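Encoded as structure tokens, the structure appears first; notes follow it.
Nothing in this text is a laboratory measurement; each read-out follows from the coordinates by a stated rule. What you are looking at is a predicted structure, and each value in this text was computed from that prediction instead of being measured. Because the Cβ atoms are built from the backbone with ideal geometry, glycine has one as well, and the counts that use them run over all protein chains shown.
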């Protein structure tokens, strides 16, 4: 979320829309004042997830440095493929901004209001991208899932690999009946048309 999702982030309900106000879960956007938990109290939220050649780790301030390195390496790529805005990522984000963003990500995770993960190499030395699981602003969907990978990892085909894996993981390990994947399973124009306007503006 990096000034974030909750996502969206991760967003989120999931993410920034070009030409539209940033959602509360977009990196850098403020957290919503009040939002019910996204999952039931008895649901065990995944916190240690291993994928084929990568792992997912819940965001926390300890990950601010590698997260910052990942998104700052791919500013133009993420502005055009993920956030669809020049607001995030952008030049000028400070270390303090990155840590504050991580604190917000972690708080939403603990409150069970959104679940944002760092996608890392198995040894945790580098962040490859992020996955955001957030509430949906569109009726009929239980959650919104968004994800991004760095430009270098996108170029090697990891985006498609991660997206395929995430779909199976969400279907298997999460309690949602219907999940939206904006910009992927549903194109941005269709999704944008479904998202209700923000109250007050």
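A few comments on the model shown:
- Residue match in the stretch 142-153 (condition: farther than 27 Å from residue 44 by Cα and touching a strand residue (DSSP E or B) at 6+ places or on another chain (Cβ under 8 Å)): yes
- Taking the stretch 70-163 and the helices (runs of 4 or more DSSP H) fully enclosed by it, the elements with 2 or more residues that are touching a helix residue (DSSP H, G or I) at 6+ places or on another chain (Cβ under 9 Å) and crowded, with 21+ Cβ neighbours inside 10 Å are at 95-110.
- Selection within the stretch 175-201 - more than 17 Å from residue 81 (Cα to Cα), outside any helix (DSSP H, G or I) and out of contact with any strand residue (DSSP E or B) (no Cβ under 7 Å at 6 or more places or on another chain): 175, 177, 178, 195, 196, 197, 198, 199, 200, 201
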